[in-house]
Amino acid sequence: MEESDQFLSWTPQHWESNKVDCAKLLKNNSLWEKIPLINCTPLHCLVDKQLVRFRGMIQDMFNPEFYLSSYEVLNKVTGEKRIESGKYKDIAPIKPNEEITFESPNNVNSERQTFYCVCIPGLNQWAVDGHNASSSRNANFPSTAVKLDSDVTPSTSSFSPGNGSCNSNVNSVDKRTEREVEHAESCRAEKLAKKDVSEVKAKDTTSCAPEYPLNFPIPGIDDKSCLLKVYDDVDAFLLNEMVEVVGFLSVDPAIAVFKPNNDEGGNGSEAMDVDYHEEMALNPPPSLVPRVHVVAAKKLSHANPLLPSKCHHTWSSVSTSLLQEAKSIREELMLVLTQLLLGDQLAAEYLLCHLVSTIYLRNDTICLGQLSVNLSNIPTGNNYAKQLYDMLTLLIPHSHYLPMTISNMNKLTFRPKKDYKTNRLTSGVLQLSSNTHLVLDETALTPGQLDSNGVHNITALGNLITQQNVDYDFQFYNMEFQANIPVLILSEGKSLLPSDVQVKLKPDSTFMNDLDALFAAARHYLKDSMLDRIRKYLTVAKLADYSLSDEMQKVVQSDFVEMRKSNDASKISGDDLHRRLIVGRLLSLSMGQQTLTKDVWKRACELEDRRKASLSASA
């Protein structure tokens, strides 16, 4: 076996005894990418205890889980004792003639943290395809049987989470001397897992709602999730962050949870049902939500599969090259955006600035770098708003389109809410990862009455736009979580919601004749090679470093003083200055410049003057 493929034979025991060497190998990015990715790999192609990857967003944090990191095993026939490790496992492998000595002084109780991780919400199809294609090209799957345990593993004992001890009952399974990693054997394992799930459903079809095991932020999404068991650097895992982890897969059907039969005694059934709801929510069937015992993790600075992570050693050279090409790419993109916005070049400039905006600094209640845009005077025919959004999904890695109908406002859950019955955080529409573009379509708004939930949802949207915070509902109190979600509002008149800038669309009548043909022409113009350049360009411009020189600070201050002298000082506020600085920053980055120049500052001021004049003319 080649050195680069050594991970195929890694086991939890091997990792523990060679942790330093294994960790060094995983720093090799090409080796990392050869590890199978759960996101696009069917579970029947994987096997229990295999090294795998998962990419997603941390959706929930569970209570710490106590387990036996070391435990004593007694051979009931010979009386021999040995010490086993329980790290990176959910099931304790023991032989039929052995048992765990739970009261042994050699046992060591330890703690690990469990995180519920879902696929990155709102990931657009081209980004999904890109990640999947990269994984398929690079991933190695064992083609021969690989011995995962050095000892015979004919029976198992499950580690019971949350009580610091092991489950005393031992589940009997087939005797074998090694675990096959052949396709047929892995299929059999998944069938057993599915059988366990079907038995749970057959026993009680109403006891566990579908959202318990999956719990995706965006309704109607059928995607993958997993439970991450983290042993080291627990504090580095934060809610709503995008991560990619490597760890040992745990999908043994023995860890499935079954509802106890309470029919015989009839006492305490209500309490047991409550416990079961929580147990089922925190320990969903492994065939639906596999476990990954994490050995290495990376925070993801973006979700673009065409680019390396910002912390990767190639990021600097790649980003520098793209910034040098930025002007030519920007011209191509401006042609497309101007056409999509019906010939309005001013609106296209602001939409481009919005697409590269992101929060780079928080100062008290001010979020520096965001640019929420309200595009008003949006046509209502031909489903224009939705078609515009569909075109934007071709350019950015992850986004979410939300028609602001009365039904959506009243029925959807925007704020995540703590469910104390299951001890889970029930996700909401606004629980999105950093730089997920949220497009609000007010043209879908129809007459109707908002109920109390609708009012709370509108308030949550307003707080997100103005403060980039989302209040999580813990029933007895609210907890504020920071967000970084660029918001684009499409409306007929001025939006009901706040925004950093309102841009009134001024359509050219020649573009209004056939909107379907307009969008079809834009798709035809955006060839694959051009799309890839634009996708990389937008991500790099969004994440590029930026600075304001001392010289330009003096120029800005001087111009601001002159603006207040030549205009009614009450109409030129600090907010106007802040807005012009943000537009100047985003214009600079969109042109591949990492500092503000006099020409770009002048252009930013001209754009703001034109935008405000357009709004005044139509007032």
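The values are calculated or read from the model by the stated rules, or taken from the named source; none is laboratory data. These numbers come from a predicted model, not from an experiment. Here Cβ is always computed from backbone atoms with ideal geometry, including for glycine, and neighbour counts include all displayed protein chains. Heavy atoms of the whole protein, side chains included, go into the accessibility calculation; ligands, DNA and RNA do not. Shrake-Rupley method; radii C 1.70, N 1.55, O 1.52, S 1.80 Å.
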Scan around His437 for amide H atoms under 5 Å from its own, H built in the peptide plane at 1.01 Å from N, and keep only partners 5 or more places away or cross-chain. His398, Ser399, His400
Whole-Hz Karplus couplings 3J(HN,Hα) for segment 378-395, θ = phi - 60° and coefficients 6.51, -1.76, 1.60, Gly and Pro as x, run 6, x, 9, x, 6, 6, 4, 4, 5, 5, 5, 4, 4, 5, 5, 5, 6, 9
Percent carbon-and-sulfur accessible area, segment 533-619, ignoring ligands, DNA and RNA, probe 1.4 Å: 48
Surpassing 23 Å at the alpha-carbon level, of the pairs Lys19/Lys95; Lys536/Lys598; Lys310/Lys417; Lys34/Lys310, are Lys19/Lys95; Lys536/Lys598; Lys310/Lys417
If you roll a 1.4 Å probe over segment 320-446 with all protein chains in place, what percent of the accessible area is carbon or sulfur? 49
Can you list the residues, at least 5 places off or on another chain, whose amide H is less than 5 Å from the amide H of Lys49, using H built in the peptide plane? Leu249, Ser250, Val251
When all C-alpha to C-alpha distances in segment 413-463 are sorted into bins of 10 Å, what percent of pairs does each bin hold, rounded to whole numbers? 20, 45, 28, 7
Approximate spin-label separation His524-Leu450, in nm, with each point projected 7 Å along Cα-to-Cβ: 4.3
Give, as a single signed number, the net charge of other residues whose beta carbon lies under 13 Å from the beta carbon of Met479, with Lys and Arg counted +1 and Asp and Glu -1. 0
Can you tell me how much longer the chain between Asn410 and Asp364 gets when fully stretched, taken as 0.36 nm per residue apart minus their C-alpha distance, in nm with one decimal? 13.4 nm
Which value in nm describes the separation of the simple spin-label points at Cys311 and Gln345, placed 7 Å from the Cα toward the beta carbon? 4.3
13 Å beta-carbon shell around Asp90, net charge (K/R +1, D/E -1): +3
Tell me, what is the per residue accessible area of segment 9-82 in Å², probe radius 1.4 Å? 40
Under 5 Å between amide hydrogens, which residues at least 5 positions from Asp344 or on another chain qualify, with H placed 1.01 Å from N in the peptide plane? Asp508
Per-residue HN-Hα couplings for segment 36-48 [Karplus 6.51, -1.76, 1.60; θ = phi - 60°; Hz; x = Gly/Pro]: x, 9, 4, 3, 10, 10, x, 4, 6, 8, 10, 9, 3
Any idea how far the Cα center of segment 372-407 sits from the one of segment 469-509, in Å? 13
Please report how far the C-alpha centroid of segment 345-367 lies from that of segment 78-139, rounded to the nearest whole angstrom. 42
